[in-house]
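The values are calculated or read from the model by the stated rules, or taken from the named source; none is laboratory data. All of these numbers come straight from a predicted model, not from anything done at the bench. Cβ sites come from the backbone with ideal geometry, for glycine too, and all protein chains shown count toward neighbours. Remember, those area values only see protein heavy atoms, side chains included, never the ligands or the DNA or RNA. Shrake-Rupley method; radii C 1.70, N 1.55, O 1.52, S 1.80 Å.
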Amino acid sequence: MSRPLLYLSYKQDMALLNTSAKRAWTLVLAVVAVTLPFLLTDDILVVLATACAASIGAIGLNIVTGYGGQVSLGHAFFLAIGAYTAAALSGDPDSTRLIGFGITSLPIWLLAAGLVAGLAGLIVAPLAARLRGLYLAVVTLGLVFIGEHIFKHWRELTGGVGVGRPAAVPELFGFQFAVDGAMFTKAQKLYLLMLVLLVIFGVLARNLVRSRTGRALAAVRDRDLAAEVIGVDVTRYKMIAFAVSSFYAGVAGALLYVMIGFVEPGSFNLGMSVQYIAMVLIGGVATISGSVLGALFITLLPRITRELPAVLPFISASSTAGGITVFQVETILYGLLIIGFLIFEPRGLFGIWIRIRSYWKSWPFSH
């Protein structure tokens, strides 16, 4: 006779869904996620699809910052590399203005976007391995400004400021995701595509952090000197964290601009890096689920602030109308939310969920 909640082997203990409750809730979430395209309007589906793509980038940043303990402010740089790699590979080969190779197959340009960004991360990683804390943050911040200069002036790749270029075209075995079809709309197809990719990359990241590599990263994060004493190659694992994080950022950059349909070099700035820092801090540091929650929260935030001018007259929708704008409100909210979560709930939204779950698991014996 089996006994509930007791593991009889290491295999049971290390299973990804190691309790019946986790399996049940995962099934419920999967059913809800798959049925959403048939319940929600296209504009909301576009926001959710964008959140799925952003979640992949947030997971990547959490690997290097949350699990690896390395502060990175250069995430926008790697997002840009992924976006432009995908756009160039998928671009029109007959264009006289922009670089294009005409490769519209989704697996090819998506994998290439991640690999090129990962290679860039691997090049930067030796510098990162020698630095920590504020010094590392400043170095990665410099990448954003270097990237801004390169992308604004490399017109053959980016199209230039104010002009830009079309994003990558998602196509798989002749099936077009970015056009309306007989059965599914464009928004429904893109949402389901982004959802599937998020699940794939989320599971891969979850398995990575549960592996020997993940445990080594945690040791380096908690105390790199002690990790080195017990035999962990600190430099090697810091380089792995940077490379994997950059790979995820490249993939996310390619997918994000598929949703927008257009890549403009001015968008890859410090503000974008701050957005991803906010996703990690608000969602929960060193948690894959927290990365998804934070990305969903930050992606939905602009949609909420866009409704404020109708409720609060002193907030305007554009700078020409005078007063404080919704864009300024968003910037203020990012700062306030980061400060608020760091002070009152350092574990983020995932920490709030853990507290709620722990309360009900021990109820009525909550003390």
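If you count, for each residue, the other Cβ atoms within 10 Å and average over each peptide, how do 339-349, 9-19, 193-203 line up from highest to lowest?
193-203, 339-349, 9-19
For segment 1-67, what are Rg and Dmax over the alpha carbons, in angstrom?
That works out to 17.3, 52 Å for Rg and Dmax.
Of GLY114, ILE240, SER316, whose Cα points farthest to the positive end of the dipole of the chain (charges on the beta-carbon: +1 Lys, Arg; -1 Asp, Glu; origin at the Cα centre)?
Positive-most Cα among the choices belongs to ILE240.
What helices does the chain hold that run 18 Å or longer along their axis, going by alpha-carbon atoms, with a Kyte-Doolittle average of 0.5 or more, using DSSP H for the helix calls?
Details: long enough: 20-35 (23 Å, 1.26); 42-62 (29 Å, 1.52); 75-90 (23 Å, 1.38); 106-130 (37 Å, 1.87); 133-153 (31 Å, 1.30); 186-210 (36 Å, 1.38); 234-260 (39 Å, 1.35); 270-283 (19 Å, 1.73); 288-305 (26 Å, 1.53); 326-344 (26 Å, 2.12); 348-362 (22 Å, 0.11).
Length and hydropathy pass: 20-35, 42-62, 75-90, 106-130, 133-153, 186-210, 234-260, 270-283, 288-305, 326-344.
Given charges of +1 on the Cβ of Lys and Arg and -1 on the Cβ of Asp and Glu, with all other atoms neutral, how large is the dipole of segment 218-336 about its Cα centre, in debye to the nearest 20?
80
Averaged per residue, what accessible surface does the chain expose to a 1.4 Å probe, in Å²? Provide the component values of the computation, followed by the final result.
Numbers: 19280 Å² over 367 residues.
So the chain comes to 53 Å² accessible per residue, rounded to a whole number.
Just the Kirkwood number for segment 196-323, please: inverse of mean 1/r across all distinct Cα pairs, in Å, one decimal.
Working: mean 1/r = 0.0571 Å⁻¹.
Averaging 1/r across every pair of different Cα atoms and inverting gives 17.5 Å.
Between segment 267-293 and segment 209-247, how far is it from one alpha carbon centroid to the other, in angstrom?
That distance is 21 Å.
Considering the dipole of the chain built from charges on the beta carbon (Lys and Arg +1, Asp and Glu -1) around the Cα centre, which of GLY181, GLY351, ALA167 is farthest to its positive end?
Among GLY181, GLY351, ALA167, the one farthest towards the positive end of the dipole of the chain is GLY351.
As a test of understanding, state the convex hull volume per residue of segment 20-101 from its alpha carbons, in Å³.
165
Might you work out the accessible area of VAL220 for me, using a 1.4 Å probe with all protein chains in place, and round it to the nearest 10 Å²?
About 10 Å², rounded to the nearest 10.
How far apart, in nm, are the 7 Å Cα→Cβ label points at LYS152 and LYS361?
For the pair LYS152/LYS361, the computed spacing is 5.0 nm.
On the principal axes of its Cα set, how long, how wide and how thick is segment 32-267? Give whole Å, largest value first.
61, 45, 27
Using every Cα-Cα pair within segment 254-367, state what percent have a distance larger than 26 Å.
Within segment 254-367, distances greater than 26 Å cover 34 percent of Cα pairs.
Among residues other than ARG132 whose Cβ falls under 11 Å from its Cβ, what is the net charge (Lys/Arg +1, Asp/Glu -1)? Please list the in-between numbers first.
Details: positive: ARG130, ARG221, LYS238; negative: ASP224.
So the environment of ARG132 carries a net charge of +2.
Going toward the positive end of the dipole of the chain, with +1 on Lys and Arg Cβ and -1 on Asp and Glu Cβ, which of GLY91, GLY142, ALA15 do you reach last?
Comparing the listed Cα positions along the dipole, ALA15 ranks first.
Treating only the Cβ atoms of Lys and Arg (+1) and Asp and Glu (-1) as charged, compute the dipole magnitude of segment 32-267 about its Cα centre; round to the nearest 20 debye. Working shown, then result.
Values: 16 positive and 13 negative charges, 152 e Å.
With Lys and Arg at +1 and Asp and Glu at -1, about 740 debye.
May I ask you to derive the relative contact order of segment 32-267, considering only C-alpha pairs under 8 Å and at least 6 residues apart, and to give it as an integer percent? Could you put the intermediate results ahead of the total?
Details: 419 pairs, mean separation 94.9, N = 236.
Reported relative contact order: 40 percent.
Using a cut-off of 13 Å between beta-carbons, work out the net charge of the residues near ILE63 (Lys and Arg +1, Asp and Glu -1, ILE63 not included).
+4
If the cut-off is 18 Å between C-alpha atoms, which aspartates and glutamates fall inside it for LYS238, apart from same-chain ones fewer than 8 positions away?
Cross-link targets: ASP222, ASP224, GLU228.
Between SER211 and LEU119, what is the FRET efficiency for a Förster distance of 30 Å, r being their Cβ-Cβ separation, to the nearest 0.05?
Given R0 = 30 Å and the Cβ-Cβ separation, E is 0.85.
Based on a Kirkwood Rh over C-alpha pairs, give the Stokes-Einstein translational diffusion coefficient of segment 2-147 at 4 °C and viscosity 1.567 mPa s in µm²/s. The partial results should precede the final answer.
Working: Rh = 19.0 Å.
Rounded to a whole number, D works out at 68 µm²/s.
Give me the number: length gained by fully extending LEU6 to TRP25, i.e. 0.36 nm times residue separation minus the C-alpha to C-alpha distance, one decimal in nm.
On the way: separation 19, 0.36 × 19 = 6.84 nm, distance 1.95 nm.
Here the answer is 4.9 nm.
Build a GNM of the chain with springs between Cα atoms under 10 Å: which of ALA286, ALA243, ALA218 gets the top mean-square fluctuation?
ALA218
Nearest 500 deg cm²/dmol is fine: what mean residue ellipticity at 222 nm does the chain get from its DSSP H runs of n ≥ 4 alone, each adding -39,500 (n - 2.57), divided by its residue count?
Numbers: 16 runs with 246 residues, N = 367.
Taken over the chain, the calculation gives -22000 deg cm²/dmol.
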